[in-house]
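This report concerns only the one structure given below.
The values are calculated or read from the model by the stated rules, or taken from the named source; none is laboratory data. Keep in mind that what you see is a predicted model, and the values were worked out from it rather than measured. Cβ placement follows ideal geometry from the backbone for every residue including glycine, while neighbour counts extend to all protein chains displayed.
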Amino acid sequence: MADYFAHETAVIDEGCSIGAGTSIWHFSHIMPDCEIGEKCNIGQNVVILPGVKLGSNVKVQNNVSLYTGVTCEDDVFLGPSMVFTNVINPRSAVIRKNEYMETTVGKGATIGANATIVCGHNIGEYAFIGAGTVVIKEIAPYALVVGNPSKQIGWMSEYGNKLIFNESGEATCEESKEKYKLENGRVSKIS
C-alpha cells in the first residue's frame, strides 16, 4: 500500500518515486523516472514529466506542467498556472529532446501565478517571483522580481516579507524578526 495519497483520477506511471505524506489531486499525471519528495502537495491538472525532481514539502498549485530538466528543492511554492519551458527555441516539426535545458528552483522560493520561467535560468533560494513575471535570467537568492521581462525590485525574507535595508545594509523581517545583510549585491541571513 502506498504511503502517499492519490485521487482516483490521477495517473501515476510505474517507475516514479513518491515520498510519504504526499498528496496528488484530480486529473494529475506523474510520469516515470521523476522523484517527488515527502509531504508534497500536487494540485489538480498537474503533469510531472520524466526526470523532474521535487524536494520535500513542495506545493504545486493547479494547472502546472513540470518539464524534463526541472528541479525544485525543498519548500518551493509553484503558483497556479505558472509555466516552465525546457527548450529555448521550440518548433513543432523539429525534435530537440537532446537540447533540453535544466532549471533549478532553490529552497524556499516562490513562483507566482501565471509566471513563466524560460529554461536554463535558475531561481535562487527564497527568491520571490511575482505573478505574471517572465524570468529570462538568473535570479539571486532572496530577490523579489516582477514584470515582463523580470526586473528585480527588492529583497524578500525567508517568511516572504519585503526587506528594507538600513544604511548599514541590515534588515529585519517584520514577521520572524530574523536579520539579513545586504553586501556586494547579495543578501544573506545573519545567524
Return the residues of region 62-71 that are out of contact with any Lys or Arg (no Cβ under 7 Å at 6 or more places or on another chain) and either closer than 25 Å to E99 by Cβ or of a type in the set (K, R) (or both); say none if nothing qualifies. V64, S65, L66, Y67, T68, G69, V70
Show the residue pairs meeting these rules: Cβ distance below 7 Å; 6+ apart or different chains; first residue within region 3-17 and closer than 17 Å to G37 by Cα; second residue loosely packed, with under 12 Cβ neighbours inside 10 Å and aliphatic (A, V, I, L, M). D3/A20; Y4/A20
From the residues in region 70-92 that are of a type in the set (G, A, S) and modelled with pLDDT of 95 or more, which one is farthest from the chain's Cα centre (by Cα)? S81
V94 fails exactly one of the following numbered conditions: (1) of a type outside the set (D, E, K, R); (2) over 19 Å from S17 (Cβ atoms); (3) touching an Asp or Glu at 6+ places or on another chain (Cβ under 8 Å). What is the number of that condition? (3)
Just to be sure, is I30 surrounded by 20 or more Cβ atoms within 10 Å (Cβ to Cβ), over 18 Å from G120 (Cα atoms) and either in contact with a strand residue (DSSP E or B) (Cβ under 9 Å, 6 or more places away or on another chain) or among the acidic types (D, E) (or both)? yes
Across region 93-134, what is the total count of residues that are more than 17 Å from C72 (Cα to Cα), surrounded by 15 or more Cβ atoms within 10 Å (Cβ to Cβ) and either among the polar types (S, T, N, Q) or within 11 Å of the chain's Cα centre (by Cα) (or both)? 2
So which residues in region 165-191 are loosely packed, with under 12 Cβ neighbours inside 10 Å and part of a loop (DSSP other than H, G, I, E, B), if there are any at all? N166, E167, S168, E175, K177, N184, G185, S191
Residues satisfying the stated conditions in region 107-142, i.e. in contact (Cβ under 8 Å) with a residue 40 or more places away in the chain and more than 20 Å from N62 (Cβ to Cβ): K107, G108, C119, E125, A140, P141, Y142
Considering only region 1-27, state which residues are within 12 Å of L54 (Cα to Cα) and either surrounded by 15 or more Cβ atoms within 10 Å (Cβ to Cβ) or basic (K, R) (or both). C16, I18, G19, T22
Yes or no: region 22-39 includes at least one residue that is of a type in the set (G, A, S), in contact with a Cys (Cβ under 7 Å, 6 or more places away or on another chain) and over 24 Å from K151 (Cβ atoms). no
Here the residues within region 146-164 that are buried (at least 17 other Cβ atoms within 10 Å of the Cβ) and either out of contact with any Cys (no Cβ under 8 Å at 6 or more places or on another chain) or in a strand (DSSP E or B) (or both) are V146, S150, W155, M156
Over region 125-139, the set of residues more than 10 Å from M82 (Cβ to Cβ), in a loop (DSSP other than H, G, I, E, B) and not charged (D, E, K, R) is Y126, A127, G130, I136
